[in-house]
1. Would you kindly state how much longer the chain becomes between Gln82 and Asp55 on full extension, computed as 0.36 nm times their sequence separation minus their alpha carbon distance, in nm to one decimal?
2. Contour minus end-to-end for Lys193 and Glu135, with contour as 0.36 nm per residue of separation and end-to-end as the Cα-Cα distance?
3. Please find the FRET efficiency linking Ala152 to Arg35, where r is the Cβ-Cβ separation and R0 is fixed at 25 Å, and quote it to the nearest 0.05.
4. Counting each DSSP H run of 4 or more residues in the chain as -39500 (n - 2.57), what helix-only mean residue ellipticity at 222 nm follows after dividing by all residues, to the nearest 500 deg cm²/dmol?
5. Let me check I've understood the local charge: for Arg101, count other residues with C-beta under 11 angstrom from its C-beta, Lys and Arg +1, Asp and Glu -1. What total comes out?
6. Take peptides 161-173, 180-192, 2-14 and line them up by average Cβ neighbours within 10 Å, highest first, as a rough protection proxy.
7. Please state the shape class of segment 85-200: rounded when a/c is under 1.5, otherwise prolate if a/b exceeds b/c and oblate if not, all from the C-alpha gyration tensor.
8. If we sort 125-134, 90-99, 193-202 on the protection proxy, mean other Cβ atoms within 10 Å, highest first, what's the order?
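No lab work stands behind these numbers, since they all come straight from the coordinates. Because the structure is a prediction, the values reported are computed rather than measured. Counting neighbours? That spans all protein chains shown, and the Cβs are built from the backbone with ideal geometry, glycine included.
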Amino acid sequence: MIIAIEGIDGAGKNTLVRALTAAFDQPVHVVGFPRYADSVHAQLAQEALYGRMGDLTDSVYGMATLFALDRHGAAADLRAAQGVVLLDRYVASNAAYSAARLGDDAVMDWVYELEFERLGIPRPDLQIFLDTDVEVASERATDRAVEDRSRAKDRYELDGGLQHRTAEAYRRLAAREWGSRWIVSADPAKITKTVLELVATREVGEK
């Protein structure tokens with residue numbers, strides 16, 4: 001079972017992953033995307049986000065393709081994993097950020113076709129949008145950057161307007177039940193309770 005946790009920078013995704021991991025009574029496999037430590041495609045995207053790949057970040061489709069290829073590299077492992085697979089960001093992040101950057105939701109369908117259909121990346125059984133207030137999330141992201149002085153904010157994180165637009169894009173994806181069933185909440189405890197109930201009753205699956 002693949003459960004994807006989505007949200008803007010500083011939303012609290014890592015905290016929710018830990019809470020869900022502790023709540024399950026079966027094996028849990030956690031993967032965070034982008035896989036900067038393991039994937040050359042993610043590493044190239046990271047280089048671009050810090051301005052070291054020329055004008056690559058100007059291309060929404062180019063950046064989205066790199067992030068998609070990162071997930072493609074993990075697809076076989078995701079399919080083979082036993083128990084619950086918790087993903088800190090997944091395909092919907094590509095759709096949300098791309099739509100927010102372009103101002104056009106048509107790219108959401110392009111991401112769907114690229115990742116799920118052309119690249120064969122496994123569809124999630126359930127997607128969660130951690131709908132944290134954008135200002136609160138931004139403060140958390142800033143505090144995190146201060147604590148970790150070795151890590152500066154990248155170009156996406158520096159664009160406050162992008163975070164607002166991305167949150168709105170996530171809400172539109174959830175309203176469409178894009179890719180699978182969605183849960184939208186800012187309350188980690190409520191999310192955990194709902195996820196456990198859905199898993200217990202097997203009310204999760206692809207759309």
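1. Residue separation times 0.36 nm, minus the Cα-Cα distance, leaves 5.7 nm.
2. Taking 0.36 nm per residue and subtracting the Cα distance, the gain is 18.3 nm.
3. Numbers: r = 20 Å, r/R0 = 0.81.
For R0 = 25 Å, the calculated efficiency reads 0.80.
4. About -16500 deg cm²/dmol.
5. Numbers: positive: Arg155, Arg165; negative: Asp58, Asp104, Asp159.
The answer is -1.
6. 2-14, 161-173, 180-192
7. It is oblate, given that a/c is not under 1.5 and a/b is not larger than b/c.
8. Details: 125-134: 21.8, 90-99: 26.5, 193-202: 13.6.
The densest-packed peptide leads the list: 90-99, 125-134, 193-202.
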